[in-house]
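Report on the structure given below.
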Amino acid sequence: MNKKKLAIGVVIVVILAAGIIYATSSYLDEQDRKQFNQTIQLASTIENISDIAHVKKWDKGTIKVEDDITSTEEEIKNTTDEIKVLEEFKNSTRNETYRQYLEIQIDRLTVEKRYEEAYIPYMHAYQKYKKGEMSLSNLNSQKNSSSIQVDELVKQSNQKKTDAINFLEKHPDLNKTLVDLKIDEDFNTLEWGGDGDKNSVLYYV
């Protein structure tokens with residue numbers, strides 16, 4: 001009789017333990033989901049600030065090189081902040097799908113940061129040219145060097161965006177979450193509805 005009671009007691013303990021584990025796991029999953037949404041929304045807000053400033057700058061068609069340096073350095077800072085936000089959550093999440101997706105986005109942003117940085121040497125060279133401290137041929141040489149780097153980085157950035165889209169097509173529930181959050185288009189499979197840059201060339205004045 002005692003053995004029977006003991007066996008029943010063990011079964012009850014096992015059931016209770018399983019219930020606690022399930023409830024705890026469900027709670028942690030829900031907290032992870034909420035934190036993921038908040039993280040993506042924050043990263044999207046940072047990216048939108050840069051996107052809006054970039055479009056406004058190019059829509060003007062002309063800009064002082066000093067102002068272009070300032071705005072580009074601000075874009076670099078924003079991208080750095082965005083990467084930090086995503087990395088922090090990626091390193092703490094227990095969801096492997098979130099982690100894999102964020103790795104792709106961090107790779108994209110890292111390439112885009114290098115893309116932004118590649119413009120800086122030419123801007124400084126143009127400043128020297130304006131002051132008579134650099135020849136036109138040397139300026140053009142720096143421009144060509146920057147252009148080669150930028151072209152390659154643009155290709156890499158586009159590939160990262162394609163990788164993200166391919167990943168989300170395999171995870172439609174995640175993509176739906178991102179679309180429903182109405183965040184920056186680079187985080188889901190939707191195209192941005194804006195007009196984009198009106199000018200293909202930005203002239204210095």
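Label-to-label distance for Asp81 and Tyr204 is 2.7 nm, based on points extended 7 Å past Cα in the beta-carbon direction. Ranking Glu47, Glu112 from most to least accessible surface, computed with a 1.4 Å probe over the protein chains only, gives Glu112, Glu47. The Glu117 and Glu66 beta-carbon pair, evaluated with R₀ = 22 Å, returns a calculated FRET efficiency of approximately 0.80. The calculated FRET efficiency for the pair Gln38 and Asp173, based on their C-beta separation and a Förster distance of 22 Å, comes to about 0.75.
Segment Ser26..Glu103, full-extension length gain: 25.3 nm, with 0.36 nm per residue of separation and the alpha-carbon distance subtracted. Decide, for segment 108-149, between rounded, prolate and oblate: order the square roots of the alpha carbon gyration tensor eigenvalues as a ≥ b ≥ c, take rounded if a/c falls under 1.5, and otherwise choose prolate if a/b is larger than b/c, else oblate. It comes out oblate by the Cα gyration axes.
Label positions at Asn48 and Thr110, each projected 7 Å from the Cα along the C-beta direction, are separated by 2.7 nm. Each of Val55 and Val154 was given a label point 7 Å from its Cα along the Cα-to-Cβ line. The distance between the two points is 1.9 nm.
Using a Förster radius of 35 Å, what is the FRET efficiency between Asp180 and Ser147 based on their Cβ-Cβ separation? Nearest 0.05, please. If you can, show how the numbers build up before the last one.
On the way: r = 39 Å, r/R0 = 1.12.
The formula returns an efficiency of 0.35 here.
Treating each Cα of segment 64-149 as an identical point scatterer and summing with the Debye formula, the log10 of I(q)/I(0) at q = 0.21 Å⁻¹ comes to -0.93.
The values are calculated or read from the model by the stated rules, or taken from the named source; none is laboratory data. Computed from a predicted model, the values in this text were never measured in an experiment. FYI the Cβ positions are ideal-geometry reconstructions off the backbone, even for glycines, and counts take in every protein chain you see. Heavy atoms of the whole protein, side chains included, go into the accessibility calculation; ligands, DNA and RNA do not. Shrake-Rupley method; radii C 1.70, N 1.55, O 1.52, S 1.80 Å.
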